[in-house]
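J.: Okay, handing you the structure first.
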Amino acid sequence: MNEPLKIVLVDDQSLCRSGLSELLANCYGFSVLGATGCVEGLRELLNLQPDLLILDLRMKPMDGLSMLEQIRKEGCATPAVVLTMSDSEVDLSNAIRAGVRGYLLKDMAPEDVVDAIRRVAAGELVVAPTMTIKMIEMLRGDHQDEEPKHSLKLLTDREREILQLLSRGESNKAIAQTLSISYDTVKQHVRHILTKLNLSSRVKAAVLFTEQQTQTNEERQQR
(Lines give C-alpha, C1' and ligand atoms only; values in the text may rest on other atoms or scores of the structure.)
Protein backbone atom coordinates (compact mmCIF):
# COMPACT_ATOMS: atom_id res chain seq x y z
CA MET A 1 0.00 0.00 0.00
CA ASN A 2 1.32 3.44 -0.90
CA GLU A 3 2.15 5.83 1.90
CA PRO A 4 -0.25 8.79 2.20
CA LEU A 5 0.91 12.10 0.81
CA LYS A 6 2.07 14.21 3.75
CA ILE A 7 0.89 17.81 3.41
CA VAL A 8 1.48 21.06 5.29
CA LEU A 9 -0.98 23.93 4.78
CA VAL A 10 0.05 27.59 4.98
CA ASP A 11 -2.71 30.21 5.11
CA ASP A 12 -3.19 33.16 7.46
CA GLN A 13 -6.97 32.62 7.59
CA SER A 14 -7.94 29.93 10.09
CA LEU A 15 -11.23 29.23 8.28
CA CYS A 16 -9.37 28.42 5.06
CA ARG A 17 -6.87 26.24 6.93
CA SER A 18 -9.55 24.24 8.69
CA GLY A 19 -11.68 23.89 5.56
CA LEU A 20 -8.85 22.58 3.42
CA SER A 21 -7.61 20.34 6.24
CA GLU A 22 -11.04 18.76 6.52
CA LEU A 23 -11.33 18.34 2.75
CA LEU A 24 -8.00 16.52 2.45
CA ALA A 25 -8.47 14.52 5.65
CA ASN A 26 -11.63 13.03 4.15
CA CYS A 27 -9.84 12.00 0.95
CA TYR A 28 -7.95 8.74 0.59
CA GLY A 29 -4.18 9.08 0.26
CA PHE A 30 -3.65 12.35 2.14
CA SER A 31 -2.23 13.06 5.57
CA VAL A 32 -2.34 16.69 6.78
CA LEU A 33 0.60 17.09 9.14
CA GLY A 34 -0.44 20.56 10.24
CA ALA A 35 -1.48 24.05 9.22
CA THR A 36 -0.02 27.44 10.01
CA GLY A 37 -0.14 31.06 9.00
CA CYS A 38 3.42 32.16 9.79
CA VAL A 39 6.96 31.28 8.79
CA GLU A 40 7.91 30.28 12.34
CA GLY A 41 5.11 27.72 12.43
CA LEU A 42 6.10 26.50 8.98
CA ARG A 43 9.67 25.90 10.12
CA GLU A 44 8.37 23.68 12.92
CA LEU A 45 6.13 21.71 10.59
CA LEU A 46 8.99 21.19 8.12
CA ASN A 47 10.66 19.04 10.78
CA LEU A 48 7.91 16.50 10.07
CA GLN A 49 9.29 16.17 6.50
CA PRO A 50 6.15 16.84 4.43
CA ASP A 51 5.89 15.77 0.81
CA LEU A 52 4.07 18.92 -0.29
CA LEU A 53 3.40 22.49 0.86
CA ILE A 54 0.16 24.25 -0.04
CA LEU A 55 0.54 28.03 0.32
CA ASP A 56 -1.70 31.04 0.03
CA LEU A 57 -0.22 34.13 -1.66
CA ARG A 58 -1.75 37.16 0.05
CA MET A 59 -0.80 36.68 3.69
CA LYS A 60 0.30 39.00 6.48
CA PRO A 61 2.86 39.88 7.68
CA MET A 62 4.73 37.80 5.05
CA ASP A 63 3.26 36.79 1.70
CA GLY A 64 3.44 33.21 0.52
CA LEU A 65 6.19 33.59 -2.08
CA SER A 66 8.42 35.53 0.33
CA MET A 67 7.90 32.78 2.87
CA LEU A 68 8.76 30.17 0.24
CA GLU A 69 11.89 32.07 -0.77
CA GLN A 70 13.01 32.25 2.84
CA ILE A 71 12.66 28.52 3.54
CA ARG A 72 14.33 27.72 0.21
CA LYS A 73 17.36 29.72 1.34
CA GLU A 74 17.34 27.65 4.52
CA GLY A 75 17.60 24.46 2.46
CA CYS A 76 13.97 23.32 2.19
CA ALA A 77 13.29 21.69 -1.19
CA THR A 78 9.74 20.47 -0.49
CA PRO A 79 7.54 20.98 -3.58
CA ALA A 80 4.99 23.78 -3.21
CA VAL A 81 1.54 24.52 -4.60
CA VAL A 82 -0.13 27.92 -4.49
CA LEU A 83 -3.83 28.01 -3.57
CA THR A 84 -5.09 31.57 -3.84
CA MET A 85 -7.94 33.89 -4.78
CA SER A 86 -5.67 35.85 -7.13
CA ASP A 87 -6.12 35.31 -10.87
CA SER A 88 -3.50 37.95 -11.61
CA GLU A 89 -1.07 37.15 -14.41
CA VAL A 90 1.67 38.90 -12.41
CA ASP A 91 1.07 36.64 -9.40
CA LEU A 92 1.03 33.60 -11.68
CA SER A 93 4.29 34.67 -13.33
CA ASN A 94 6.00 35.30 -9.98
CA ALA A 95 4.82 31.95 -8.63
CA ILE A 96 6.01 29.98 -11.65
CA ARG A 97 9.37 31.74 -11.51
CA ALA A 98 9.60 30.87 -7.81
CA GLY A 99 9.40 27.23 -8.82
CA VAL A 100 5.94 26.24 -7.56
CA ARG A 101 4.49 23.02 -8.96
CA GLY A 102 0.92 24.24 -9.09
CA TYR A 103 -1.18 27.40 -9.18
CA LEU A 104 -4.73 26.72 -8.01
CA LEU A 105 -7.64 29.05 -7.30
CA LYS A 106 -9.81 28.91 -4.20
CA ASP A 107 -12.99 29.10 -6.27
CA MET A 108 -12.20 25.77 -7.95
CA ALA A 109 -14.49 22.86 -7.14
CA PRO A 110 -13.19 20.84 -4.16
CA GLU A 111 -12.82 17.68 -6.24
CA ASP A 112 -10.77 19.62 -8.81
CA VAL A 113 -8.44 20.91 -6.10
CA VAL A 114 -7.93 17.38 -4.80
CA ASP A 115 -7.29 16.05 -8.32
CA ALA A 116 -4.80 18.86 -9.00
CA ILE A 117 -2.88 18.08 -5.80
CA ARG A 118 -2.68 14.41 -6.77
CA ARG A 119 -1.34 15.37 -10.21
CA VAL A 120 1.30 17.62 -8.67
CA ALA A 121 2.36 14.76 -6.42
CA ALA A 122 2.69 12.60 -9.56
CA GLY A 123 5.16 15.10 -11.03
CA GLU A 124 2.96 17.35 -13.16
CA LEU A 125 2.96 21.14 -13.28
CA VAL A 126 -0.71 22.01 -12.72
CA VAL A 127 -2.41 25.36 -13.26
CA ALA A 128 -6.07 26.22 -12.65
CA PRO A 129 -7.99 25.85 -15.94
CA THR A 130 -8.90 29.55 -16.01
CA MET A 131 -5.19 30.43 -15.69
CA THR A 132 -3.89 28.11 -18.41
CA ILE A 133 -4.23 30.59 -21.27
CA LYS A 134 -2.55 33.29 -19.20
CA MET A 135 0.38 30.97 -18.49
CA ILE A 136 0.76 30.01 -22.15
CA GLU A 137 0.69 33.66 -23.25
CA MET A 138 3.14 34.59 -20.51
CA LEU A 139 5.66 31.90 -21.45
CA ARG A 140 5.18 32.47 -25.17
CA GLY A 141 5.87 36.17 -24.69
CA ASP A 142 9.01 35.44 -22.69
CA HIS A 143 10.19 33.04 -25.36
CA GLN A 144 9.66 35.57 -28.16
CA ASP A 145 11.49 38.26 -26.22
CA GLU A 146 14.52 36.06 -25.71
CA GLU A 147 14.95 33.60 -28.55
CA PRO A 148 17.76 31.13 -27.85
CA LYS A 149 20.80 31.31 -30.08
CA HIS A 150 21.33 27.57 -30.04
CA SER A 151 19.31 24.40 -30.12
CA LEU A 152 19.42 21.61 -27.58
CA LYS A 153 21.97 19.86 -29.78
CA LEU A 154 24.68 22.04 -28.27
CA LEU A 155 24.10 20.51 -24.83
CA THR A 156 26.00 17.52 -23.54
CA ASP A 157 24.14 14.28 -22.81
CA ARG A 158 24.25 15.03 -19.09
CA GLU A 159 22.94 18.57 -19.62
CA ARG A 160 20.04 17.28 -21.72
CA GLU A 161 19.29 14.72 -19.02
CA ILE A 162 19.19 17.45 -16.37
CA LEU A 163 17.09 19.71 -18.59
CA GLN A 164 14.56 16.91 -19.09
CA LEU A 165 14.20 16.52 -15.30
CA LEU A 166 14.07 20.28 -14.90
CA SER A 167 11.21 20.45 -17.42
CA ARG A 168 9.22 18.12 -15.17
CA GLY A 169 9.47 20.63 -12.35
CA GLU A 170 12.19 18.81 -10.41
CA SER A 171 14.24 20.87 -7.95
CA ASN A 172 18.04 20.88 -8.02
CA LYS A 173 18.05 18.70 -4.91
CA ALA A 174 15.69 16.16 -6.47
CA ILE A 175 17.75 16.08 -9.69
CA ALA A 176 20.91 15.49 -7.67
CA GLN A 177 19.28 12.55 -5.89
CA THR A 178 17.92 11.06 -9.11
CA LEU A 179 21.27 11.24 -10.91
CA SER A 180 23.41 10.47 -7.83
CA ILE A 181 25.45 13.63 -8.21
CA SER A 182 26.01 16.57 -5.86
CA TYR A 183 23.66 19.53 -5.49
CA ASP A 184 26.49 21.92 -6.49
CA THR A 185 27.15 19.89 -9.64
CA VAL A 186 23.51 20.23 -10.65
CA LYS A 187 23.62 23.99 -10.07
CA GLN A 188 26.71 24.24 -12.26
CA HIS A 189 25.08 22.22 -15.05
CA VAL A 190 21.95 24.41 -14.90
CA ARG A 191 24.10 27.54 -15.25
CA HIS A 192 25.84 26.03 -18.27
CA ILE A 193 22.49 25.08 -19.84
CA LEU A 194 21.11 28.60 -19.48
CA THR A 195 24.31 30.12 -20.84
CA LYS A 196 24.43 27.85 -23.89
CA LEU A 197 20.76 28.45 -24.69
CA ASN A 198 21.00 32.20 -24.02
CA LEU A 199 18.17 32.00 -21.49
CA SER A 200 17.76 33.67 -18.12
CA SER A 201 15.52 31.27 -16.20
CA ARG A 202 14.74 27.60 -15.59
CA VAL A 203 11.15 28.18 -16.72
CA LYS A 204 12.26 29.38 -20.15
CA ALA A 205 14.63 26.43 -20.49
CA ALA A 206 11.83 24.03 -19.57
CA VAL A 207 9.50 25.63 -22.13
CA LEU A 208 12.17 25.39 -24.85
CA PHE A 209 12.81 21.72 -24.06
CA THR A 210 9.09 20.90 -24.17
CA GLU A 211 8.60 22.77 -27.45
CA GLN A 212 11.56 21.09 -29.16
CA GLN A 213 10.58 17.65 -27.88
CA THR A 214 7.04 18.15 -29.16
CA GLN A 215 8.35 19.30 -32.55
CA THR A 216 10.68 16.30 -32.76
CA ASN A 217 7.87 13.86 -31.94
CA GLU A 218 5.60 15.43 -34.57
CA GLU A 219 8.32 15.17 -37.19
CA ARG A 220 8.81 11.48 -36.35
CA GLN A 221 5.08 10.80 -36.71
CA GLN A 222 5.04 12.42 -40.13
CA ARG A 223 7.78 10.18 -41.47
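J.: Can you report the number of residues in the range 190-206 which are at pLDDT 80 or above and assigned to a helix (DSSP H, G or I)?
T.: Number satisfying all stated conditions: 11.
J.: Specify the residue that is modelled with the lowest pLDDT; the eligible residues are those in the range 115-136 that are among the hydrophobic types (A, V, I, L, M, F, W, C), part of a helix (DSSP H, G or I) and surrounded by 17 or more Cβ atoms within 10 Å (Cβ to Cβ).
T.: 135
J.: For the subset of the range 75-92 comprising residues that are aliphatic (A, V, I, L, M) and crowded, with 17+ Cβ neighbours inside 10 Å, which member is farthest from residue 113 (Cα to Cα)?
T.: Within the range 75-92, the match that is farthest from residue 113 (Cα to Cα) is 92.
J.: Look through the range 183-215, keep the residues that are in contact (Cβ under 8 Å) with a residue 60 or more places away in the chain and within 23 Å of residue 76 (Cβ to Cβ), and return whichever of them is surrounded by the most Cβ atoms within 10 Å (Cβ to Cβ).
T.: Top of the filtered list is 203.
Let's see how each residue does on (1) more than 30 Å from residue 199 (Cβ to Cβ); (2) surrounded by fewer than 14 Cβ atoms within 10 Å (Cβ to Cβ):
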site: 7; (1), (2): yes, no
site: 25; (1), (2): yes, yes
site: 50; (1), (2): yes, no
site: 67; (1), (2): no, no
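J.: Can you pull out every residue in the range 36-48 that is surrounded by fewer than 16 Cβ atoms within 10 Å (Cβ to Cβ) and farther than 23 Å from residue 118 by Cβ?
T.: Selection gives 38, 40, 41, 43, 44, 47.
J.: When you check residue 69 against the structure, is it assigned to a helix (DSSP H, G or I), among the charged types (D, E, K, R), farther than 24 Å from residue 127 by Cβ and without any contact (Cβ under 8 Å) to a residue 40 or more places away in the chain, yes or no?
T.: Judged against the criteria, residue 69 is not a match.
The values are calculated or read from the model by the stated rules, or taken from the named source; none is laboratory data. As the structure is a prediction and not an experimental result, all values here were calculated from the model. All Cβ positions, glycine included, derive from the backbone under ideal geometry; neighbour counts span all protein chains shown.
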